[in-house]
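Report on one structure; see the data block that follows.
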Amino acid sequence: MIHLIDQYFIDNGHYGRTWGDYRYTDIGLDLEDWENPVLHIYFKPTGNILRISPEEGYKLVVIDSFGMIRTLSYSLNWDLIYNASDGKWYYHSISENNIIDINTLDIQW
């Protein structure tokens, strides 16, 4: 999905739209294929942003840039966020204090 977001920018000089089904169709995806979790994760593209969150009953565990473990549960209603503008992943919100290492992602039940 990140590749599709980046490719849309390369092809069009701007990121895809941020509302409705366009969030998916602009990058060549069908919303119906992504309404439900895939491998226990919801994927939500929005322009230059990709948000992921866990399915109910699961949590996403990552390590941030300070070496701290961050846990994101379904009940928090938060996301891990990829920002295509800078190529970084974030916990909950785009802030220097929230940068995470997506390579440490562990999906737990």
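What single numbered condition from (1) touching a residue at least 40 places away in the same chain (Cβ under 8 Å); (2) under 15 Å from the mean Cα position of the chain (by Cα) fails to hold for I63?
Of (1) touching a residue at least 40 places away in the same chain (Cβ under 8 Å); (2) under 15 Å from the mean Cα position of the chain (by Cα), only one is false for I63: (2).
Which of the residues that make up the range 1-39 are without any contact (Cβ under 8 Å) to a residue 40 or more places away in the chain, surrounded by 16 or more Cβ atoms within 10 Å (Cβ to Cβ) and hydroxyl-bearing (S, T, Y)?
Within the range 1-39, Y8, Y24 meet the criteria.
Within the range 94-107, which residues are among the polar types (S, T, N, Q) and either in contact with a strand residue (DSSP E or B) (Cβ under 8 Å, 6 or more places away or on another chain) or not in a loop (DSSP other than H, G, I, E, B) (or both)?
N97, N98, N103, T104
Quickly run through the range 1-12 and pick out the residues that are β-branched (V, I, T) and either closer than 20 Å to S93 by Cα or part of a loop (DSSP other than H, G, I, E, B) (or both).
Result: I2, I5.
I need every pair where a residue in the range 70-94 that is on the phi > 0 side of the Ramachandran plot has its Cβ under 7 Å from the Cβ of a residue that is open to solvent by 30 Å² or more (accessible area, probe 1.4 Å) and part of a loop (DSSP other than H, G, I, E, B), sequence separation at least 6 or different chains.
Close Cβ pairs (under 7 Å, with a partner that is open to solvent by 30 Å² or more (accessible area, probe 1.4 Å) and part of a loop (DSSP other than H, G, I, E, B)) amount to H92/W78.
Suppose we keep only residues that are buried (at least 17 other Cβ atoms within 10 Å of the Cβ) and of a type in the set (G, A, S) within the range 40-76. Which one would you say is farthest from I99 (Cα to Cα)?
G47
The values are calculated or read from the model by the stated rules, or taken from the named source; none is laboratory data. Quick caveat: nothing in here was measured; it's all calculated off a predicted structure. No Cβ is skipped: glycine too gets one built from the backbone with ideal geometry, and neighbour counts run over all protein chains shown. Side chains included, ligands, DNA and RNA excluded: accessible areas come from the protein's heavy atoms. Shrake-Rupley method; radii C 1.70, N 1.55, O 1.52, S 1.80 Å.
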